[in-house]
Amino acid sequence: MPTVYETEFWRVRLPDGWTARETQLKEVVAVSKVGGGHGLAFVTREIEPRDWPCKDGELFHGQLYGLTRDTAFDFSTEWNKVPVFRQRWWCLWCGNRTVYAIHTCFGTACETHNELDEIIHGLAPKNW
């Protein structure tokens, strides 16, 4: 059964098999899928959109709006095949705060994004 996770500023509905936990840093929430392969972090900051690190990204619109950007790193060599490491960033406006959503994955785990898209599109201001 899906669960809803809330912070002071936003809430998100997590599909079955996903969990969320606060980290030692109050503004950082770690979300993961049971069994690994996917990691997602939400970071809430008082940063204006003009200062976003993904300014050159594509427009994004779910419950929150902003920008998104992909980064991929392939550390493979001729002798050592290493899985591709990928990150996708969302810089989203939530009231007077920025919520960064950072998805990290490795290798074939990067191929499935349906649940991830559902999570990001469902991220909403807490008071909605």
Handout entry: Residue tally, condition in a strand (DSSP E or B) and of a type outside the set (Phe, Trp, Tyr), over the stretch 46-61
Key = 3
Exercise for the section: State which residue is nearest to the chain's Cα centre (by Cα) when the search covers only the stretch 1-40 and only residues that are acidic (Asp, Glu) and not in a strand (DSSP E or B). Expected result: Glu27
Handout entry: Residues of the stretch 1-11 satisfying the condition of being in contact with a strand residue (DSSP E or B) (Cβ under 9 Å, 6 or more places away or on another chain) and exposed (fewer than 13 other Cβ atoms within 10 Å of the Cβ)
Key = Pro2, Thr3, Val4, Glu6, Glu8
Exercise for the section: Would you check if Thr71 is surrounded by fewer than 15 Cβ atoms within 10 Å (Cβ to Cβ), part of a helix (DSSP H, G or I), modelled with pLDDT under 90 and not acidic (Asp, Glu)? Expected result: no
Completion exercise
Within the stretch 12-53, of all residues that are touching a Pro at 6+ places or on another chain (Cβ under 8 Å) and in contact (Cβ under 8 Å) with a residue 40 or more places away in the chain, the one surrounded by the most Cβ atoms within 10 Å (Cβ to Cβ) is Leu14
Handout entry: Condition met for Val43 (in a strand (DSSP E or B), modelled with pLDDT of 85 or more and over 19 Å from Asn114 (Cα atoms))
Key = yes
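The values are calculated or read from the model by the stated rules, or taken from the named source; none is laboratory data. It should be emphasised that the depicted structure is a prediction, and the values quoted were computed from it without experimental measurement. As a convention, Cβ positions derive from the backbone with ideal geometry for all residues, glycine included, and neighbour counts pool all protein chains shown.
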